[in-house]
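A.B. asks: Let me begin by handing over the structure; questions about it come next.
The values are calculated or read from the model by the stated rules, or taken from the named source; none is laboratory data. Keep in mind that this is a model prediction, so the values were computed, not measured. Cβ placement follows ideal geometry from the backbone for every residue including glycine, while neighbour counts extend to all protein chains displayed. Each accessible area value is taken on the protein alone, full model and side chains, heavy atoms only, with ligands, DNA and RNA left out. Shrake-Rupley method; radii C 1.70, N 1.55, O 1.52, S 1.80 Å.
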Amino acid sequence: MRYGELCFTPLKGFLLILFIGCYNFIYSQEFTGDWNGVGDTWTASACGLDITTSVSNEQNGGFVSFSTDDIGCNTAGTFSSNAVVGLPALEPLLNYGSAGGSAVITFTFGQPVTDPVLHIDRLGGGTNVHSTSAQLILTTPGINLQRLSGNDAHFEVNGTQITRTPNQNWVGTPFGECGPPTQGSSAGSIRLVGTFTNVSFRFEQNGTGNVSDAIEVVWELNCPPPSLPDFDNDGIPDQDDLDDDNDGILDTVEQNGIPTLDTDSDGLIDSFDLDSDGDGCNDVIEAGFEDQDANGSLGTAPDDVDANGLIINAVDGYTTPNDLDSNAVFDFQEVSVIVFLQDPLDSTVCANEDASFQVIVENSNSMTWEMSLDNGNTWVDVPGNSTYNGEHTETLSISNALLGDDGTLFRVRADVLGSVCDPVVYSQTAQLNVFDAPNSGEDVTLELCPNDNPIDLLNELGGNADPGGSWSPLLNSGTNTFDPSIDLSGTYTYTIGSGSCQSASTVQISIGQEPVIDTVDFTNTNNNNQIVISVVDPGDFEYSIDGENFQESNTFQNLESGQYTVYVRDGMGCSTVTETVEIVGVIDYPRFFTPNQDGVNDGWQIEQKDIPDTRTYIYDRYGKLLKVLVGEDEHWDGTYQNKRMPSTDYWFKVIANNEILLKGHFSLKR
């Protein structure tokens, strides 16, 4: 960006002001942007600084109002930086009043600035005869004005005065934008040499003519260069600092060939991170160096460093960091925190039974089981003997636990090789509970009737069962009493003790069921009369037709006609029910006959009793009807239409009341 050039072109009634700061090679420049405000207070910013206006000392009727406009003069060489053209500018307007009024405009900066540059456009103007102008008089001491550029000699900077040459004879078209001396306003750039926080100008009339003039203001400031990063604030920029976090470990060691190495992925690279692996143990300690005040940096504060950013007031540091587990990874970049994935759990056993405790450990190099006999006040290592096994493994086994071991506490001490902050970590404690073996008795089976009296199941258990246990399922009495009238058949389990030290026995109970006869059915098949007894809700029942001989089958066969009483009782003999039935209509037939007129088996007929209205139909082998016998007395003599039928087999069926009672075949022999 250039500086040193100012351009002024007279234009009646307007004055433009721009400030540009001087700079050197490490500074950049920045113009003010948009102006915003109300009344006398307007604000813009450049280089991150706010620039604010104020108005004071208004005299002789003069007063100032503000608006905004853009830089319009684009004549080459007018401004020290052509980039000003077209930028938004502040436009204060001074009304002269009736007696040459004036006012003071002050610009206040957010912090001190050095050698800013002021650009001015549309300074002065003219009447129809000669030029007119306003002028700015610098009233702040210690600041020198240096004209950098302008659109011609009529842009004047004299000592503390900035103006357009007034009262020149007017030639040509008046009111031109940054025109030559006899045509229009002037414009240019001025450096304000000095360092200051605010600067004031008295705004007043110069020459005759006009009743007001406006100025347009743009600032261009020298932006100081950003400070170089210094993470540890030791005065040595990071780019020159060999130990950016003052932890006594060289950055090249922490980076391990990767400048952006971030071991714990916390967004802070290792050369800036005091705890590179995020294990809660600072790098300086894990590296094996001293940090007496525990602030994470080498030695003791304050951190005095040399030109390379290395701590000089410590007794160690900047040597090879620890790698205590010799795995080629520095301890400060390796998590060595023991994690108990599973702590030991309480164990309950019966006397003389075996017990065990187990842990699952991650990142442990060695471990030792400890025990306490005084509720955790003192701890000793578990001895290696015939009682204890695995005292240096994840599982501790205890053989034949004694009643005297009841209440002993156990825990694991894990030793971490490679961790110097917390070299020992303990698991949670677990308790060994040892009880006398309980006696739940012996399994029994009971058969009861529904009307039996309630019984104490504990007394029924064999082996003198210990009291104080529980039943599953629960008994309706809530005690040991079983009432067959309300409790159900099934298996009841008695349990006493807890954990692995418990005993259980069962009582299998069957309750007799009172039978209810549903039907007694009579059938006759192939002249076999039988009775089938059916009951409601079949169960363990026995059946009889004489009240003495009982069987499990509900079917009785090959019965003669007559009256029978059937008996049904439950298998346990709790209840018996009866019902009387009668068998009628016994039927049979001969298997052959010999019609040879010798008086023996000369005719064939059915043999039946108490079956009225029977009809017997006889057929040859081809189904031809040969004879119909009515009743039980009529017989067939072996002829058909007075012709003797040959010796062979013949078929028959017996029907009564439209029901076939019997079917079969017989032989005719001659």
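A.B. asks: On the basis of being more than 22 Å from residue 177 (Cα to Cα), crowded, with 16+ Cβ neighbours inside 10 Å and in contact (Cβ under 8 Å) with a residue 24 or more places away in the chain, does residue 51 make the cut?
C.D. replies: The answer is yes for residue 51.
A.B. asks: Looking at the stretch 179-198, I want the residues that are under 11 Å from residue 144 (Cβ atoms) and have a partner that is among the charged types (D, E, K, R) and in a loop (DSSP other than H, G, I, E, B) with Cβ atoms under 8 Å, at least 6 apart or on another chain. Which pairs are those?
C.D. replies: 191/115; 192/115; 193/115; 194/115
A.B. asks: Name the residues in the stretch 404-462 that are of a type in the set (Val, Ile, Thr) and touching a residue at least 40 places away in the same chain (Cβ under 8 Å), would you?
C.D. replies: Result: 412, 416, 420, 425, 429, 434, 444, 445.
A.B. asks: So which residues in the stretch 305-358 are farther than 22 Å from residue 247 by Cα, modelled with pLDDT under 95 and touching a Pro at 6+ places or on another chain (Cβ under 9 Å)?
C.D. replies: 350
A.B. asks: What are the residues in the stretch 373-394 that are out of contact with any Ser or Thr (no Cβ under 6 Å at 6 or more places or on another chain) and either surrounded by 16 or more Cβ atoms within 10 Å (Cβ to Cβ) or in a strand (DSSP E or B) (or both), if any?
C.D. replies: 380, 382, 388, 391, 394
A.B. asks: Here is a follow-up. What number of residues within the stretch 321-352 are under 18 Å from residue 281 (Cα atoms) and either open to solvent by less than 30 Å² (accessible area, probe 1.4 Å) or not in a strand (DSSP E or B) (or both)? Quick ask: steps written out before the conclusion?
C.D. replies: Kept after step one, since they are under 18 Å from residue 281 (Cα atoms), are these residues of the stretch 321-352: 321-325, 329-339.
Now restrict to residues that are either open to solvent by less than 30 Å² (accessible area, probe 1.4 Å) or not in a strand (DSSP E or B) (or both): 321-325, 329-338.
Of the residues in that region, 15 qualify.
A.B. asks: Oh, and also: Being touching a Ser or Thr at 6+ places or on another chain (Cβ under 6 Å) and more than 18 Å from residue 231 (Cβ to Cβ) is the filter here, so list the residues in the stretch 279-328 that pass it.
C.D. replies: Result: 292, 293.
A.B. asks: Given the options 238, 251, 283, 303, name the one that is surrounded by 12 or more Cβ atoms within 10 Å (Cβ to Cβ) and within 30 Å of residue 364 (Cβ to Cβ).
C.D. replies: 283
A.B. asks: Here's another thing I want to ask about it. Within the stretch 648-660, can one find any residue that is within 25 Å of residue 583 (Cα to Cα) and in contact with a Gly (Cβ under 7 Å, 6 or more places away or on another chain)?
C.D. replies: Looking for residues that are within 25 Å of residue 583 (Cα to Cα) and in contact with a Gly (Cβ under 7 Å, 6 or more places away or on another chain), one finds at least one in the stretch 648-660, hence yes.
A.B. asks: Here is a list of conditions, (1) closer than 18 Å to residue 201 by Cα; (2) part of a strand (DSSP E or B); (3) not basic (Lys, Arg), and residue 61 meets all of them except one; can you say which number that is?
C.D. replies: It is condition (2) that residue 61 fails.
A.B. asks: For residue 215, only one of the following conditions fails: (1) at pLDDT below 90; (2) open to solvent by 10 Å² or more (accessible area, probe 1.4 Å). What is its number?
C.D. replies: (2)
A.B. asks: Can you name the residue in the stretch 305-320 that is aliphatic (A, V, I, L, M) and touching a residue at least 40 places away in the same chain (Cβ under 8 Å) and is also farthest from residue 281 (Cα to Cα) among such residues?
C.D. replies: Filtering the stretch 305-320 for residues that are aliphatic (A, V, I, L, M) and touching a residue at least 40 places away in the same chain (Cβ under 8 Å), the one farthest from residue 281 (Cα to Cα) comes out as 307.
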